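Presented below is the structure to which this report refers.
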Amino acid sequence: MKKFIAEVLGTFFLVFFGVGTAAITGAEFGILPIATAFGLSIVAAAYGIGAISGAHLNPAVSIGVLCAGRMSAGEFVQYVIAQVIGAILGAFVIYLIVSGKSDYSIATSGMGQNGYGPGYGGGYNLAAALIFEVVATFIFVTVILGVTDKGAPVGFAGLAIGLTLTAVHLVGINVTGTSVNPARSIGPALFVGGQALSQLWVFILAPLVGGALAGIVNAAGLTRADA
């Protein structure tokens, strides 16, 4: 139960800070603050609740850990449920805040949702979105598995993970808004609806594939220091 609650709270933190920055100040200040907010939220959660649950906060991370042989299928399911609940709660709080602005319209302003194609970000197509999400998630989860391995330097995992997530966002915000996390995508999409919901499958499937590949490669010993 403590792990479940930790994953709910941690994913709430991630969505509140990351999606909140995108929804509230993203249009005004651009990419760098959004990328930084996502990265810092991971740092905060890693050091705040990492000792309880490992601070996955992301089904793609959990599936990577599962495929690397570091957690059971039952734990994976519990983690994913907790992460989705946390993301929805975080998105709900952001919705309550942004809807308090007099001229706010979710149809025109959105809420930090992920997407692709004409009218979204740089207008990148489906193939570009899929490639970015798979590759970026693979990189992100590979780093997580590496810095949490037995031979990794102690005490620096949260910082390394947060900086990697920041870098991933700097590359991908104009492509897809950067998901690399199905739970992060599900939360805002449920409130925005429309195109965000119709494209949601991309941001569930691609990160899960990237995370699973990272776990499989790690389990094979190719990205493990002790292999």
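Quick notes on this structure:
- Answer residue from the range 131-151, given it is open to solvent by less than 40 Å² (accessible area, probe 1.4 Å) and polar (S, T, N, Q) and is nearest to THR223 (Cα to Cα) among those: THR142
- Pairing residues of the range 65-83 that are modelled with pLDDT of 95 or more with residues that are in a helix (DSSP H, G or I) and acidic (Asp, Glu), at Cβ distances under 7 Å and at least 6 apart in sequence or on separate chains, gives TYR79/GLU7; ALA82/GLU7; GLN83/GLU7.
- When LEU66 is tested against (1) open to solvent by less than 20 Å² (accessible area, probe 1.4 Å); (2) closer than 17 Å to LEU145 by Cα, just one condition goes unmet, and that condition is (1).
- For PHE191: the one exception among (1) surrounded by fewer than 24 Cβ atoms within 10 Å (Cβ to Cβ); (2) touching a Pro at 6+ places or on another chain (Cβ under 8 Å): (2)
- One residue alone among GLY210, GLY215 is assigned to a helix (DSSP H, G or I), touching a residue at least 24 places away in the same chain (Cβ under 8 Å), surrounded by 21 or more Cβ atoms within 10 Å (Cβ to Cβ) and in contact with a Cys (Cβ under 8 Å, 6 or more places away or on another chain), and that residue is GLY215.
- Restricting the range 94-116 to residues that are over 14 Å from ALA22 (Cα atoms) and in contact (Cβ under 8 Å) with a residue 24 or more places away in the chain leaves a set whose member that is surrounded by the most Cβ atoms within 10 Å (Cβ to Cβ) is TYR116.
Here's the yes/no breakdown for (1) of a type in the set (Val, Ile, Thr); (2) without any contact (Cβ under 8 Å) to a residue 24 or more places away in the chain; (3) within 19 Å of ILE97 (Cα to Cα); (4) open to solvent by less than 30 Å² (accessible area, probe 1.4 Å):
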residue: PHE16; (1), (2), (3), (4): no, no, yes, no
residue: LEU32; (1), (2), (3), (4): no, no, no, no
residue: THR36; (1), (2), (3), (4): yes, no, no, no
residue: LEU40; (1), (2), (3), (4): no, no, no, no
residue: TYR47; (1), (2), (3), (4): no, no, no, no
residue: ALA60; (1), (2), (3), (4): no, no, no, yes
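- Of all residues in the range 169-188, those satisfying the criterion of being closer than 18 Å to ALA128 by Cβ, surrounded by 22 or more Cβ atoms within 10 Å (Cβ to Cβ) and touching a residue at least 60 places away in the same chain (Cβ under 8 Å) are HIS169, THR176, GLY177, THR178, SER179, VAL180, SER185.
- Out of ALA225, ALA128, sole residue that is outside any helix (DSSP H, G or I) and open to solvent by 20 Å² or more (accessible area, probe 1.4 Å): ALA225
- Output for the range 148-194, where each listed residue is closer than 21 Å to PHE76 by Cβ, part of a helix (DSSP H, G or I), of a type in the set (Val, Ile, Thr) and touching a Ser or Thr at 6+ places or on another chain (Cβ under 9 Å): ILE161
- Evaluation of ALA160 against (1) touching a residue at least 24 places away in the same chain (Cβ under 8 Å); (2) surrounded by 15 or more Cβ atoms within 10 Å (Cβ to Cβ) (one fails), failing number: (1)
The values are calculated or read from the model by the stated rules, or taken from the named source; none is laboratory data. These figures come from a predicted structure and were not determined experimentally. With ideal geometry, Cβ positions are generated from the backbone for all residues, glycine too; neighbour counts draw on all protein chains shown. The accessibility values were calculated without ligands, DNA or RNA, using every heavy atom of the protein model including side chains. Shrake-Rupley method; radii C 1.70, N 1.55, O 1.52, S 1.80 Å.
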